Amino acid sequence: MNLTNLRKITPVALAFALGPLCETALAQPPEAIFRLDRLNALITIILFSFFILLYTHWAKQGKPLFLRKIPGLDAVEEAVGRATEMGRPVLFIPGIDELDQIETIAGISILGRVAKITAQYDTPLVVPVRYPLVLAAGQEVVKQAYIEMGKQDAYDEDTVLYVAGEQFAFTANVNGYMMRERPATNIYMGAFFAESLLLAETGNAAGSIQIAGTARPEQLPFFIAACDYTLMGEELFAASAYLSHEPLMLGGLKGQDLIKVLIIVCILIGSILATFGYGETFIEWFNAV
Amino acid sequence: MTSVAILQIWIVAFFTLALFSFLYKDNPVYKLAEHIFAGLTAGYQVGLVWDTVVIQKLWDPMIYDGKWWLFVPGILGFLMFARFWPKYSWVSRVSLAFVMGTTSGVFITTQLHGLVLPAMKSTMLPLGGGGGLAQAVLAIIVVVGVVSTLIYFYFSKEHTGALGVTAKVGIWFIMISFGAHFGYTVMGRVSLLIGRVYFLFYDWFGTFSEIF
């Protein structure tokens, strides 16, 4: 069967299988179902998935997987310990974006680990959020952490609380909280925008130890300037694997490292080929449509 | 200027000054502004979501346009209300799992196709002097910058020896980029401040002559 036939048949088969959900798809040209010009993305995803699954498999088998030290993450436990000693709460902000942002999911994942530490030390934890879905996800994660640490009774439903839906109303409220309650530790992990410096500077003025992590390059300088430790970009996504040391997550992280090596190799090959006037086809393969 | 317009300007000026008062220290006026701000946005968002999501994206298309399959996201949304009953709150996890799962899945494709592949392509530059010395130097800076930055984010080996040197070059590139971002963003913030100060000096002070 050639690809032209496949293109014709695929929408029809899908339409029978999925009914009206495919109405929109059928109204579009056949290539909307399977676009050959995006084959590069498919091959890359398959390749990347293979690496991640391979390392995950090895991790599950008990193969030791080395990870270098990330100072910002090593500081998390120390920072929670400081809050315990001082008898003050830990403030954790999982970013100010919706749950459909990958940074928020990374933040929620780290929250789970931080909640385990606070549960272990009986340290109060406060998690203000901006969106109802993040509130629900945060509550689930914190509750689960307390259950896993055998501290179900210590879990307070108001640990994760909805503050305000507007960016600066949220910031004003959290800043007020910081100055009134003076949490010993502030942890910012997720997507942050213009409020990053307002939060970090207020936390600094309140004398809190601060750890931040975001993948937004335009906000990172502010966190670096006002926080004690900052996780930059990829370090944020590596954090949950690093903190939990769960084989499944470690395997994923190792797989991503191999992908980085592959990207570096491709860039170097492409540049060398381009230098000598070759490699047009090779470089075009990375074209995004 | 109408009295309503003057009143609006005074309300805005009050809240601007109330929030600026935090620069001195936390105080009751700031607290009042903070709570009104938070309460107003919460109420406003309930109305906004009801109208733009529930009515415009769910109810109307489902009832009037025959898009009955929208009941699937509708039910997923409805399941979130199970959280009000602790015994059945686990049901809401279905919706949460759906959102988190689809986010992760969609993110992989969009980032790979929209960011990683194009960035790789843009970095594959000729390192020779074909386009002149300046272009060659620029190409070398771009390639070295991208490769060394990627190596900084390589977690599987300790950053020692040649890897450590390359990672250090990477962190220099990152810091230079942050410096540029910092300056650019500060410029934007200063223009916001100018906007507020302009409002206070021209719009608010402008009402003084009409009142007094």
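From the P(r) of chain B, can you give the percent of Cα pairs sitting at distances over 25 Å?
The answer is 71 percent, as a whole percent.
Mean-square fluctuation check for chain A, GNM, Cα pairs under 10 Å: which of A:Leu47, A:Leu111, A:Leu135 is largest?
A:Leu47
Kirkwood-based Rg over Rh for the protein assembly as shown (C-alpha set), two decimals? Before the final figure, lay out the partial values.
On the way: Rg = 26.0 Å, Rh = 26.0 Å.
Ratio of gyration radius to Kirkwood radius for the protein assembly as shown: 1.00.
For segment B:1-92, compute Rg over Rh where Rg is the Cα radius of gyration and Rh is the Kirkwood radius from the inverse mean 1/r over Cα pairs.
Result: Rg/Rh = 1.22.
Helix A:102-121 sits at what angle to the longest principal axis of chain A, using alpha carbons and giving 0 to 90 degrees rounded to 10?
With rounding to tens, the tilt is 40 degrees.
Treat each spin label as a single point 7 Å out from the Cα along the C-beta direction, and report the B:Val144 to B:Val186 distance in nm.
2.7 nm
Which one of A:Pro128, A:Pro221, A:Pro183 has the biggest mean-square fluctuation once chain A is modelled by GNM with Cα springs under 10 Å?
Of A:Pro128, A:Pro221, A:Pro183, the Gaussian network model singles out A:Pro221 as fluctuating most.
Taking only Cα atoms, what is the 0 to 90° angle, nearest 10, from helix A:196-205's long axis to the longest principal axis of chain A?
That helix lies at roughly 20 degrees to the long axis.
Which FRET efficiency value, to the nearest 0.05, do you get for B:Phe201 and B:Val165 by plugging their Cβ-Cβ distance into 1/(1 + (r/R0)^6) with R0 = 45 Å?
Once the sixth-power term is evaluated, E becomes 0.25.
For segment B:125-212, list log₁₀ I(q)/I(0) at each q in 0.22 Å⁻¹, using the Debye formula over Cα point scatterers of equal strength and ignoring solvent, two decimals each.
-1.01
Given a Förster distance of 35 Å, report the FRET efficiency between B:Ile55 and B:His35 from their Cβ-Cβ distance, rounded to the nearest 0.05.
Result of the calculation: an efficiency of 0.75.
Suppose we take every Cα in segment A:40-190 and form the convex hull; what volume per residue is that in Å³?
147 Å³
Taking only Cα atoms and a 10 Å spring cutoff, compute GNM fluctuations for chain A and point out the largest among A:Phe223, A:Phe276, A:Phe66.
A:Phe276
Order the peptides A:48-56, B:50-58 from the highest to the lowest mean number of other Cβ atoms within 10 Å of their residues.
A:48-56, B:50-58
Principal axes first, then extents: for the Cα atoms of chain A, list largest minus smallest coordinate on each axis, whole Å, largest first.
70, 51, 41
Show which aspartates and glutamates lie in cross-link reach of A:Lys63 when reach means a straight Cα distance below 15 angstrom and same-chain residues fewer than eight apart are skipped.
A:Glu246
Just tell me, in residue order, which DSSP H segments of chain B are both 27 angstrom or longer along the helix axis (alpha-carbon based) and at least -1.0 in mean Kyte-Doolittle hydropathy.
What comes out of the filter, once short or polar helices are dropped, is B:28-49, B:92-111, B:133-152, B:161-198.
Can you give me the pair-distance distribution of segment A:73-116, C-alpha pairs, 10 Å bins, whole percents?
27, 46, 23, 3
As a check on your grasp of the helix formula, calculate [θ] at 222 nm for chain A: sum -39500 (n - 2.57) over DSSP H runs of n ≥ 4, divide by the residue count, round to the nearest 500.
It lands at -19500 deg cm²/dmol.
How many angstrom lie between the C-alpha centres of segment B:1-67 and segment A:80-113?
27 Å
Using the alpha-carbon atoms, what tilt in degrees (0 to 90, nearest 10) does helix A:71-86 show relative to the longest principal axis of chain A?
It works out to around 30 degrees.
Give the aspartates and glutamates reachable from B:Lys31 as a straight Cα distance under 16 Å; neighbours fewer than 8 places away on the same chain don't count.
Once the sequence-local aspartates and glutamates are set aside, what remains near B:Lys31 is A:Glu181.
Partner chain Cβ atoms within 10 Å, averaged over the residues of A:172-180 - can you pull that number for me?
5
Over all residues in B:34-43, what is the mean tally of Cβ atoms on other chains that come within 10 Å of each residue's Cβ? If you can, show how the numbers build up before the last one.
Values: counts 9, 5, 2, 8, 10, 2, 4, 10, 6, 1.
Average neighbour count from other chains, rounded to a whole number: 6.
Bear in mind these aren't lab numbers, they're just calculated from the coordinates by the rules spelled out. The structure displayed is predicted, hence computed values, not measured ones. Cβ atoms come from the backbone with ideal geometry, glycine included; neighbour counts cover every protein chain shown.
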